[in-house]
1. Return the long-range amide H neighbours of Ala32 (sequence gap of 5 or more, or a different chain), with a cut-off of under 5 Å between placed amide H atoms.
2. Can you give the helix-only mean residue ellipticity at 222 nm for the chain, where every DSSP H stretch with n ≥ 4 adds -39500 (n - 2.57) and the sum goes over all residues, rounded to the nearest 500 deg cm²/dmol?
3. Quick one: grab the alpha carbon gyration tensor of the chain, order the square roots of its eigenvalues as a ≥ b ≥ c, and give me rounded if a/c is under 1.5, else prolate or oblate depending on whether a/b is larger than b/c.
4. Of the accessible area of the chain, with the probe set at 1.4 angstrom, what percent is carbon plus sulfur?
5. Check the straight Cα-Cα distances from Lys16 and name the aspartates and glutamates below 16 Å, setting aside those fewer than 8 residues away within the same chain.
6. Using R₀ = 35 Å, calculate the FRET efficiency as 1/(1 + (r/R₀)^6) where r is the Cβ-Cβ separation of Arg18 and Ile158; round to 0.05.
7. Return one whole number: the accessible area per residue of segment 5-221 in Å², for a 1.4 Å probe.
8. Mind giving me the nanometre distance, one decimal, between the label points for Arg74 and Ala144, set 7 Å out from Cα along Cα→Cβ?
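The values are calculated or read from the model by the stated rules, or taken from the named source; none is laboratory data. Because the structure is a prediction, the values reported are computed rather than measured. Here the Cβ is made from the backbone with ideal geometry for all residues, glycine too, and neighbour counts use every protein chain on show. Keep in mind that these areas ignore ligands, DNA and RNA; they rest on the heavy atoms of the full protein, side chains included. Shrake-Rupley method; radii C 1.70, N 1.55, O 1.52, S 1.80 Å.
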Amino acid sequence: MTESVSDVAANLAAIKARIDAAAAEAGRPPGAARLIAVSKVQPVEKLEAALAAGHRLFGENRVQEAKAKFPAARDRYPDIELHLIGPLQTNKVKEAVALFDVIQTLDRPKLAAALAAEGRRQGRLPRLFVEVNTGSEPQKAGIAPDGLAGFLAECRDIHGLAVEGLMCIPPAEADPAPHFDLLARLAARHGLGAVSMGMSGDYEQAVRAGATFVRVGTAIFGERLKPDAASQADG
Ligand SMILES: *Cc1c(COP(=O)(O)O)cnc(C)c1O
């Protein structure tokens, strides 16, 4: 894929149509799933093209990179909604709380404590999703499915955090379908309305399984120029 800047608007429109079609197939209304445009590592011209096309919902996976791009964009487009979809180190919590509307990667007790403390200091707190390690992969971030109930209780009862949703990144080589179904079931069981799952290759499947947010990068913007830092610690 060699999407140019001029392709971004067309890609956004096509993907939104496919999301709504997938939702309809599952008996869900248009708009049931929202498109997060993952702008990490993309040239700023492509972010600008998405903004010019009217898109406002973005995902970034590193705090420093988001901080370099989004405060300036927000000066011109105050209705931007920005989600952190990559791992969050506790030493970046202060900046993340100040910058993001949603943090999708709450994945450990220490981070819950740090977010709660920083929320009190800043008097604001992003909406929070818990990342679930649906494949129980040892090297991967996220709360194991059988630890989710306990972690949600800890967030609520010890830290006073209101978790709104769940997110997952299924194992790279696996069929994502069972992971999407599991995440949707866990969200329903815990009364959580937001379900973030599905990327460029499988977002329609995720929508049919109940995603309320899909996270799509390359299908909108083209291949990233630099390696994907998705699985790296935030630097
Ligand atoms: C990069 C990234 C995406 C987007 O991936 P594409 O395959 O480019 O659509 C989605 N989710 C997370 C967590 C990511 O890091």
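1. Under 5 Å from the amide H of Ala32: no residue qualifies.
2. Value at 222 nm, helices only: -13000 deg cm²/dmol.
3. Oblate, because a/c is 1.5 or more while a/b does not exceed b/c.
4. Values: 5440 of 10190 Å².
Carbon and sulfur: 53 percent of the exposed surface of the chain.
5. Leaving aside aspartates and glutamates fewer than 8 places away in the same chain, those within reach of Lys16 are Asp7, Glu25, Asp202, Glu204.
6. Result of the calculation: an efficiency of 0.25.
7. Numbers: 8850 Å² over 217 residues.
Result: 41 Å² of accessible area for each residue.
8. That separation, rounded to one decimal, is 3.7 nm.
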